[in-house]
Amino acid sequence: MAKFLLVGSYGPEALAAATNQGFEGRVKYIEELAESLGMTIETAYFAYGDDDIVLIGDGTSEAALAFSLAVNSSGAVAATITPLITAAEMDAAAAKVPNYQPPQ
């Protein structure tokens, strides 16, 4: 399985609802949603600034995409998902880099 960085920004109404629900309750719901897709949430943090919630998840690309579609289609949260790559994976990819000649 792959690791993903999931970052979200709540709209004003969603933030108010999360405040009323309780943030620990919100994390529990997110973990359950992820589990329904075969993903796990390894860690969850709330933040202030551009992003309101930051998660590290583990799962397939398809599960991460389904998670993103579910969250973003709600219109309440703007979420981005970034695949995370280990140093070993970067080294393996670097070992396969072909010679490339740009257009001249």
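The values are calculated or read from the model by the stated rules, or taken from the named source; none is laboratory data. Values in this document were obtained by computation on a predicted structure and should not be read as measured data. Note: ideal-geometry Cβ built from the backbone for every residue, glycine included; neighbour counts use all protein chains shown.
Table for the structure above
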{"item": "ALA64 closer than 16 Å to TYR10 by Cβ, among the small types (Gly, Ala, Ser) and within 13 Å of the chain's Cα centre (by Cα)", "result": "no"}
{"item": "Of all residues making up segment 62-104, the number that are assigned to a helix (DSSP H, G or I) and among the hydrophobic types (A, V, I, L, M, F, W, C)", "result": "14"}
{"item": "Boolean, ALA18 is at pLDDT below 95 and not in a loop (DSSP other than H, G, I, E, B)", "result": "yes"}
{"item": "Of the criteria (1) surrounded by 16 or more Cβ atoms within 10 Å (Cβ to Cβ); (2) in contact with a helix residue (DSSP H, G or I) (Cβ under 9 Å, 6 or more places away or on another chain), which one ASP51 fails", "result": "(2)"}
